[in-house]
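Below is one structure; the comments refer to it alone.
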Amino acid sequence: MSINKKYIYLTLLVLIIELIIAGYIQDQFIRPFVGDVLAVMLIFSFLRIFYKRNGLNLGFGVLLFAVTIEILQYVEFVKIVGLEDNKIATIILGATFDWLDILAYIIGVFISVLLDKKLTKNKEIASLHSQMNNL
């Protein structure tokens, strides 16, 4: 199995930005909204390290996963399973439903897929160029 080093670097970059936001920014836009945009970008870029197939399909899967988590927040899943006092569970699954989170996820996946197209297009061009040189 080969890994995509570009996406390792991208994953680390997005993770560092997320950690900076979580640790130092306490506002009403960057932390909740931009943080959610970056969260799905982080998931996409991490999975893209290993997943070699269609980036659009991966984006759809990431969006489906994120929206599912948001729906679980809407139905208060953490309370249903008795984990509302478990800090790790509330961080991972969240505790508050917000329609704007879904918008943030859509934007994050859209950016991820566009960036992926750019990164894979450059790789395809380099591959074609290499093949032409071998002729």
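Readers should treat all values here as calculations from the given coordinates under stated rules, not as data from a laboratory. These numbers were taken from a predicted model, which means no experiment stands behind them. Neighbour counts are summed over all protein chains in view; Cβ atoms, including those assigned to glycine, are modelled from backbone coordinates with ideal geometry.
Annotations
- Calculated FRET efficiency for the pair N57/L19, C-beta based, R₀ 25 Å, to 0.05: 0.30
- Kirkwood hydrodynamic radius over Cα pairs of the stretch 5-133, then Stokes diffusion coefficient at 10 °C and 1.306 mPa s, in µm²/s: 99 µm²/s
- The long axis of helix 55-74 is offset from the longest Cα principal axis of the chain by roughly 0 degrees.
- Principal-axis analysis of the Cα atoms of the chain puts helix 99-133 at an angle of about 10° to the longest axis.
- Summed residue charge, Cβ within 13 Å of Y105's Cβ, Lys/Arg positive, Asp/Glu negative: -4
- Ordering 77-90, 2-15 by mean Cβ neighbour count within 10 Å, with the highest value first, yields 2-15, 77-90.
- For the peptides 109-119, 35-45, residues were scored by their other Cβ atoms within 10 Å and the scores averaged per peptide; the highest-first order is 35-45, 109-119.
- Close Lys pairs in the stretch 5-133, defined as Cα atoms under 19 Å apart and 8 or more places apart or on different chains, number 15.
- Given charges at beta-carbon only (K, R positive; D, E negative), |dipole| of the chain in Debye: 880 debye
- In order through the stretch 15-32: 3J(HN,Hα) via Karplus (6.51 cos²θ - 1.76 cosθ + 1.60), integer Hz, x for Gly, Pro: 4, 4, 4, 4, 5, 5, 4, 5, x, 10, 10, 10, 10, 9, 10, 5, 4, x
- For the chain, the mean residue ellipticity at 222 nm estimated from helices alone is -24500 deg cm²/dmol, where every DSSP H run of n ≥ 4 contributes -39500 (n - 2.57) and the total is divided by all residues, rounded to the nearest 500.
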